[in-house]
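A quick write-up on the structure given underneath.
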Amino acid sequence: MNITRRTLMKSVSLGAAMAMSAPSVLRAQTAKIYRLGITTPPGHPWNLAAEAVGKRLAEETNGRLAIQVFPSNQLGNEGAMLQQMQSGALDLGWIMTAELGSRIPQIAAINAPWLVKSTEKVAALVRHPTAIKLLDVLPAQTGTIGLGYGITTLRVVFTGQETAGIEDIKGMKLRINTTPAYRDFYQLLGAAPTPIPTPQVFDAMSNGQVDGLEADLDLSWNQRYDKVAKTMLRMNAIFMPCVALASGRIWKGVPEADRELIARLTREQLDKQIDATVAKEATLLQNFKNTGIKIVDIDLQNTAEIIAAYDQIWLPKAPVLKELREVGASL
């Protein structure tokens, strides 16, 4: 091969380009990408918050650290993701208190009815030291580290027939989340709690498989449950937080400075998510009002008997419930 000036200059230019790109290639190869599993679908407020944590983490570390979010149970259901975190196969997971509460009664206490009676007070409750302290049991009980709460609005009940109050739930086959805390509550109201996977709920209401369902406002509007219901009962009773978790096995191998950074960014984005949920509630309620569905605010003056019956079941299992009620009353 004859070496001409042109081929020599071409080789020099190619070599220089490769040298200039080497740092970015090396950085991409050595970046630590944490895997985060979550049950909710893309576009859900929790997913958006998790994605924002990943974006800020990459920005603040110049690409050295990143997070890849796996939504919609792509890595398995919440029980499977929790097991993966326990074994160190999954780095991070945003898991609902329904799953955690089915294992740990102390966590389930935050799902008790009428701890607070507005979404604004839900936001205050999950920021209170008593609620945050609930997460202290997670390392020993689940092998995970709790980094903070995300919230939903207070949950509502949609019924296939017109209803006028909480007493009309009696005898209904009601689709609920499977957490024991919800099951006991709705059984006290005389309903027959029926677990159905979220993707099947709309059809279950359409074909009469269930008489009603309960869900938060965000999910309800996204799924348009108003199209298969005649009444929306604003129970103002229960809500479903999620907890941002880190695998204990993975966490202990993360440098302290990186742990502090991930924890701080997670808390900051969850704070934004909580505030946004409170602010968005009025818009969601107006959306439902605009559809013409009957909306009933239940009478909260007649709940003492139900609360007493519920606490008789749960206080022996979760004594912290008494303190949570005191906190809720003070907010």
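Restricting to helices (runs of 4 or more DSSP H) lying wholly in the stretch 124-188: which have 1 or more residues that are without any contact (Cβ under 8 Å) to a residue 24 or more places away in the chain, surrounded by fewer than 23 Cβ atoms within 10 Å (Cβ to Cβ) and of a type in the set (G, A, S)?
It comes to 138-142.
Per the conditions (1) over 24 Å from the mean Cα position of the chain (by Cα); (2) not in a helix (DSSP H, G or I), the sole criterion not satisfied by I307 is (2). Find the residue count for the stretch 114-123, including only residues that are surrounded by fewer than 23 Cβ atoms within 10 Å (Cβ to Cβ) and not in a helix (DSSP H, G or I). Residues in the stretch 114-123 being surrounded by fewer than 23 Cβ atoms within 10 Å (Cβ to Cβ) and not in a helix (DSSP H, G or I): 3 in total.
For the stretch 37-75, residues that are surrounded by fewer than 16 Cβ atoms within 10 Å (Cβ to Cβ) and modelled with pLDDT under 95 total 4. The single condition among (1) within 16 Å of T179 (Cα to Cα); (2) in a loop (DSSP other than H, G, I, E, B) that G63 does not satisfy is (1). Scanning for something in contact (Cβ under 8 Å) with a residue 40 or more places away in the chain, in a loop (DSSP other than H, G, I, E, B) and more than 28 Å from T142 (Cβ to Cβ), does the stretch 215-226 turn up at least one residue? Within the stretch 215-226, not a single residue is in contact (Cβ under 8 Å) with a residue 40 or more places away in the chain, in a loop (DSSP other than H, G, I, E, B) and more than 28 Å from T142 (Cβ to Cβ).
So which of F239, F185 ends up being in contact with a Pro (Cβ under 6 Å, 6 or more places away or on another chain), closer than 28 Å to G148 by Cβ and modelled with pLDDT of 95 or more? Give the steps one after another, and end with the answer.
Details: F239 fails: in contact with a Pro (Cβ under 6 Å, 6 or more places away or on another chain).
After ruling out the rest, the residue left standing is F185.
Sort out which residues of the stretch 77-107 are of a type outside the set (D, E, K, R), part of a loop (DSSP other than H, G, I, E, B) and in contact with a helix residue (DSSP H, G or I) (Cβ under 7 Å, 6 or more places away or on another chain), and write them in order of number. Step through it out loud before you land on a result.
First, the residues of the stretch 77-107 that are of a type outside the set (D, E, K, R): 77, 79-90, 92-98, 100-102, 104-107.
If we keep only those that are part of a loop (DSSP other than H, G, I, E, B) as well, we get 77, 88-90, 102, 104.
Within the stretch 77-107, G88, L90, S102, I104 meet the criteria.
Just one of the numbered conditions (1) over 24 Å from Y182 (Cα atoms); (2) surrounded by fewer than 23 Cβ atoms within 10 Å (Cβ to Cβ) is not true of L90: (2). Just one of the listed residues (V137, V156) is hydrophobic (A, V, I, L, M, F, W, C) and farther than 17 Å from I104 by Cα, namely V156.
One residue stands out in the stretch 227-253 among those that are part of a helix (DSSP H, G or I) and of a type in the set (D, E, K, R): the one that is farthest from A98 (Cα to Cα), namely K227. In this entry, T231 is excluded by the filter for residues that are in the same structural domain as S87 (by TED's automatic domain parsing), surrounded by 14 or more Cβ atoms within 10 Å (Cβ to Cβ) and hydroxyl-bearing (S, T, Y). Pairing residues of the stretch 264-275 that are within 10 Å of L147 (Cβ to Cβ) and at pLDDT 95 or above with residues that are buried (at least 16 other Cβ atoms within 10 Å of the Cβ) and of a type in the set (V, I, T), at Cβ distances under 7 Å and at least 6 apart in sequence or on separate chains, gives L265/V53; T266/V53. Listed by first and then second residue, the pairs linking a residue in the stretch 231-256 that is touching a residue at least 60 places away in the same chain (Cβ under 8 Å) to a residue that is assigned to a loop (DSSP other than H, G, I, E, B) and among the basic types (K, R), with Cβ atoms under 6 Å apart and 6 or more places separating them unless they lie on different chains, are N236/K117; I238/R155. The set of residues from the stretch 310-331 being part of a helix (DSSP H, G or I) and of a type in the set (A, V, I, L, M, F, W, C) comprises I313, W314, V320, L321, L324, V327, A329.
Kindly indicate whether K272 is part of a helix (DSSP H, G or I), more than 23 Å from the chain's Cα centre (by Cα) and of a type outside the set (S, T, N, Q). Considered against the rule, which asks whether it is part of a helix (DSSP H, G or I), more than 23 Å from the chain's Cα centre (by Cα) and of a type outside the set (S, T, N, Q), K272 comes out as no.
The values are calculated or read from the model by the stated rules, or taken from the named source; none is laboratory data. As the structure is a computational prediction, the values presented were derived from the model and not from experiment. Counting neighbours? That spans all protein chains shown, and the Cβs are built from the backbone with ideal geometry, glycine included.
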